[in-house]
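Colleague: Got a structure for you, questions after.
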Amino acid sequence: AFVLIRGVMPFWLVTAIYVALFVIVFQFEERRAAGQIPRGIVIAVVHGLISGLLIQYVFVDLFLVRLP
C-alpha cells in the first residue's frame, strides 16, 4: 500500500507483481507436487503482466479513473 500511495512504481507494475505473487503462493504446493515450479512461476508472471496492463487500460482509458 505504501508503494502505491507514494507512487514509487507505476500502477500496472505493482498490480502485475501482486497478481504474480498471489498465483505463485496459492499454486506452490500443487506445482511442487507435479514438479513444475519453474513453469508455474513463468505462467504466474505472464498472468501478472497481462492482468496489470489490462487493469491499467480498463481503468485509465475506459473508465477515465486516475490511478496512483
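Condition check ((1) open to solvent by less than 60 Å² (accessible area, probe 1.4 Å); (2) modelled with pLDDT of 95 or more) across all residues:
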| residue | (1), (2) |
| --- | --- |
| Val14 | yes, no |
| Ile17 | no, no |
| Ile24 | yes, yes |
| Ala33 | no, yes |
| Pro38 | no, yes |
| Val42 | no, yes |
| Val45 | no, yes |
| Leu53 | no, yes |
| Phe63 | no, yes |
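Colleague: Quickly run through region 46-68 and pick out the residues that are of a type in the set (Val, Ile, Thr) and closer than 12 Å to Leu13 by Cβ.
Modeller: Initially, region 46-68 is screened for residues of a type in the set (Val, Ile, Thr), giving 46, 50, 55, 58, 60, 65.
Once the filter is applied, which keeps residues that are of a type in the set (Val, Ile, Thr) and closer than 12 Å to Leu13 by Cβ, region 46-68 yields only Ile55.
Colleague: Here are some residues: Leu4, Leu49. Which one is touching a helix residue (DSSP H, G or I) at 6+ places or on another chain (Cβ under 7 Å), open to solvent by less than 100 Å² (accessible area, probe 1.4 Å) and modelled with pLDDT under 95? Before you say what the answer is, go through the steps one by one.
Modeller: Details: Leu49 fails: modelled with pLDDT under 95.
Just a single option satisfies the conditions, and that option is Leu4.
Colleague: Then there is this: Which residue pairs have Cβ atoms under 8 Å apart, sit 6 or more places apart or on different chains, and have a first residue in region 52-68 that is free of Cβ contacts under 8 Å to residues at least 24 places away in the same chain and a second that is open to solvent by less than 80 Å² (accessible area, probe 1.4 Å) and not aromatic (Phe, Trp, Tyr)?
Modeller: Filtered contacts from region 52-68: Phe59/Val65; Phe59/Leu67; Val60/Leu67; Arg66/Val60.
The values are calculated or read from the model by the stated rules, or taken from the named source; none is laboratory data. From a predicted model like this one, the values you see are computed outputs, not experimental measurements. Every residue, glycine as well, gets a Cβ built from its backbone with ideal geometry; the counts of neighbours run over all protein chains shown. Only protein heavy atoms, including side chains, enter the accessible area calculation; ligands, DNA and RNA are left aside. Shrake-Rupley method; radii C 1.70, N 1.55, O 1.52, S 1.80 Å.
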